[in-house]
Amino acid sequence: MHMTSSLLVAIIAVSASAFCMADENPRVMQFPADAGYVDVTQAPYNAVADGKTDCAAAIQKALDEARYLYLPNGTYLVSDTINWGMKEPEAKRKILQGQSRDGVIIRLKDAAKDFDQPNRPKEVLRLASRGNLEGPANAFRNAIYDLTIEAGEKNPGAIGILFYAHNQGAMENVRVVSKGEHSGLVGVDLYRGLTGPCLVKNVIVEGFDYGVRAGGTVRQITFSGLTLKGQRKYGLYNDNNVLSLEDLTSDNTVPAVHNRAGWGFITLINAQLRGGDPSVSAIENVNGDVFLRNIHSAGYARALTSGGHAVEGSSVDEFTTGGVHTLFQSGQKSLNLPIEKTPEVAWDSPDQWVPVTRFQPVQAEYTTERGQKRKYMDWAPAIQQAIDSGAKTVYFPDLPQKQNYTIGTTVILRGNLKRFFGSEADFSYRQPADQPAFRIADGAAGTVVMERFQRGYGGSALAIEIDTGRTVVIRNCIPGTVTSTAKPGRVFLEDVCGGPFEFKNKTIFARQLNPEPRVAKITNDGGSLWIMGYKSEQPGQVVVTRNGTTELI
């Protein structure tokens with residue numbers, strides 16, 4: 001937890017065996033036609049992904065009119081910036097989904113107009129409004145998945161992507177490339193505005209002056225599986241932000257990591273920093289704070305320079321600025337225990353997905369806080385029928401007028417279900433808060449995934465109860481309370497905003513966690529809890545650990 005310039009050593013750490021490269025076999029993403037993702041190659045947008053036709057206007061029109069876009073494999077040539085929205089309220093809850101990382105290429109035209117001035121940079125993709133980036137931090141749920149961005153040649157002022165998200169948002173399985181010798185200023189720009197908290201996962205940046213540039217106002221950005229190659233100035237440049245990284249691979253002659261300013265705090269575990277230059281260090285910590293563990297470099301003068309002082313050696317076992325404080329008699333280092341990656345569950349063919357709209361909701365009634373009776377359509381029976389139909393994947397098509405899926409009784413995830421795909425839907429719950437909206441029970445699949453949904457406004461909190469020993473993955477979503485029974489098992493939280501989170505006897509791995517309730521935000525009772533990337537709001541205990549072990553990075 002980055003609250004002072006010193007490190008509070010917790011109980012769990014990570015072993016060298018946890019290191020891995022970025023995903024070498026990117027997934028292929030396909031959805032049913034009614035899953036809510038607008039295909040930009042279809043009418044009325046008709047983008048032509050032949051690498052010759054300018055698609056900028058077609059993609060921009062689709063972004064202006066729809067929230068969730070789908071790009072089939074192909075090369076989409078663009079000559080101008082693609083903006084997330086015209087105004088600030090439009091630049092949130094938007095998703096750009098490609099079919100595959102290597103199959104979908106958004107390519108900037110060579111020598112494109114106004115991309116020639118590094119002192120006035122311009123983005124290929126701008127995941128923010130055309131207006132002010134310093135506005136309210138409410139760019140919730142923005143995401144970009146599974147595609148490649150190419151900055152073209154003779155575009156020295158080009159920024160591959162300006163990524164902008166708050167509380168819950170992700171850039172996953174993305175490749176950003178600049179092929180020209182002098183083309184491309186920044187690959188991934190996290191520098192301006194109030195970026196974060198958000199997750200950057202399995203991202204590859206090739207070329208550019210700066211591979212990744214972060215800064216602006218102190219927020220929190222989590223990286224998992226970042227690969228940097230062939231930068232001209234710095235691989236990762238941080239100016240005043242708080243970054244948590246695992247599994248960084250760099251193949252560069254320039255410094256792989258540069259932490260410039262006093263507010264900057266970088267936590268980096270498991271890094272392979274190759275290539276190097278014998279005149280520079282792999283990591284330069286100028287005037288900020290760092291916690292480093294399991295760092296290996298090759299070709300550089302040394303692995304680390306911190307505060308103007310060289311730390312000799314090509315590897316860093318464990319290092320922190322500002323000294324170590326501990327509440328327990330556990331020594332001055334972390335325990336170096338292993339962590340686990342979030343498991344990937346194979347995606348079924350879209351024709352095997354079962355929509356909940358295949359079944360009928362029922363009319364129900366609830367009582368308002370003022371004692372008034374109100375009727376609504378309860379989708380719980382339809383969702384349960386979809387799950388109990390034998391489906392491995394259940395999804396949620398758009399409802400008319402973008403209505404919420406309102407749930408009146410607890411839905412049980414059981415049977416053959418392995419993927420509960422929310423399709424970015426909003427859920428509301430009409431029962432008392434002490435009854436969960438969803439209960440994850442035992443079933444045929446060893447791992448069950450809940451993803452891409454959020455709690456809607458109105459109704460009780462959207463609570464999830466984990467009542468199973470199988471592995472549970474909750475990711476890219478905003479639920480309410482998440483609790484568990486005492487059955488041992490593994491839980492993975494990835495890019496999740498919500499809470500509180502209360503676990504018993506569980507092994508929990510969380511990446512980019514953002515709990516905001518006014519009570520104890522996460523409780524670990526009798527289990528093992530590892531968190532990388534944590535931001536919270538409101539009064540209340542940040543972490544409560546009873547009879548267990550916890551590390552917060």
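Averaging over every viewing direction, what projected area does the convex hull of the Cα atoms of the stretch 160-264 cover, in nm²? The directionally averaged projection comes out at 5.6 nm². By accessible area, using a 1.4 Å probe on protein heavy atoms only, the stretch 343-466 has 45% of its surface on carbon and sulfur. Residues of the stretch 260-276 with an amide N closer than 17 Å to a point placed 7 Å from the Cα of residue 233 along the Cα-to-Cβ direction: 260-261.
Our helix-only sum for the chain, with -39,500 (n - 2.57) per DSSP H run of n ≥ 4 divided by its residues, gives a mean residue ellipticity at 222 nm of -1000 deg cm²/dmol. The chymotrypsin sites (Phe, Trp or Tyr not before Pro) found in the stretch 432-495 that occupy coil by DSSP, while having at most 13 further C-beta atoms within 10 Å, are 457. In the complete set of protein chains, residue-level accessible area for residue 377 is approximately 90 Å², probe 1.4 angstrom.
Multiplying the residue separation of residue 114 and residue 52 by 0.36 nm and subtracting their alpha-carbon distance yields 20.3 nm. Computed on protein heavy atoms with a 1.4 Å probe, the accessible areas place 257, 543, 28 in the order 28, 543, 257, largest first. What is the distance in Å between the Cα centroid of the stretch 327-349 and that of the stretch 505-553? Here the answer is 14 Å between Cα centres.
In the stretch 473-553, how does Rg compare with the Kirkwood Rh, expressed as the Rg/Rh ratio over alpha carbon atoms?
For the stretch 473-553, the value is 0.91.
Between the stretch 404-431 and the stretch 266-321, the C-alpha centres lie 46 angstrom from each other. A simple spin-label model places pseudo-atoms 7 Å from Cα toward Cβ; at residue 447 and residue 181 they are separated by 4.5 nm. Rolling a 1.4 Å probe across the protein heavy atoms gives the chain an accessible surface of 37 Å² per residue. Counting only residues at least eight positions apart within a chain, or on another chain, the aspartates and glutamates with an alpha carbon under 14 Å from that of residue 341 are 23, 246, 247, 494, 495. Computing Rg and the Kirkwood Rh from the Cα coordinates of the chain gives a ratio, Rg/Rh, of 0.97. Projected onto their three principal axes, the Cα atoms of the stretch 99-238 cover extents of 36, 30, 26 Å, largest first.
Using R₀ = 22 Å, calculate the FRET efficiency as 1/(1 + (r/R₀)^6) where r is the Cβ-Cβ separation of residue 340 and residue 435; round to 0.05. Could the numbers behind the result be given before it?
On the way: r = 31 Å, r/R0 = 1.42.
That gives a FRET efficiency of 0.10.
Split the accessible area of the stretch 180-298 by element, probe 1.4 Å, and carbon with sulfur accounts for 50%. The residues packed around residue 93, meaning those with a beta-carbon under 9 Å from its beta-carbon, carry a net charge of +3 if Lys and Arg are +1 and Asp and Glu are -1. Relative protection proxy for 470-483, 61-74, from highest mean packing down: 470-483, 61-74 (other beta-carbon atoms within 10 angstrom). Bridging of residue 61 to lysines at a Cα separation below 23 Å is possible for 52, 87, 92, 94, 109, 113, 122, 402, once same-chain residues fewer than 8 apart are set aside.
For the stretch 259-393, what percent of Cα pairs sit more than 23 Å apart? Counting pairs separated by more than 23 Å, the tail of P(r) holds 62 percent. Counting heavy atoms of the protein chains alone, residue 100 has an accessible area of about 10 Å² for a 1.4 Å probe.
Each Cα pair under 8 Å and six or more residues apart adds its sequence gap; the mean of these over the residue count of the chain is a relative contact order of 10 percent. Run a plain Debye calculation on the stretch 293-355 (Cα atoms as equal point scatterers, no solvent) and give log10 I(q)/I(0) at q = 0.12, 0.19, 0.25 Å⁻¹, rounded to two decimals, same order as the q list. Debye intensities relative to I(0), on a log10 scale: -0.57, -0.91, -1.12. Relative intensity of the stretch 406-473 on a log10 scale, I(q)/I(0) at q = 0.12, 0.14, 0.21, 0.29 Å⁻¹, equals -0.29, -0.40, -0.86, -1.28, per a Debye sum over C-alpha point scatterers of equal strength in the absence of solvent.
Annotation: peptides 513-525, 180-192, ranked by per-residue average of other Cβ atoms within 10 Å with the highest first, follow the order 180-192, 513-525.
The values are calculated or read from the model by the stated rules, or taken from the named source; none is laboratory data. Only a predicted model underlies this, so the values are computations on that prediction, with no experimental measurement involved. Cβ sites come from the backbone with ideal geometry, for glycine too, and all protein chains shown count toward neighbours. Remember, those area values only see protein heavy atoms, side chains included, never the ligands or the DNA or RNA. Shrake-Rupley method; radii C 1.70, N 1.55, O 1.52, S 1.80 Å.
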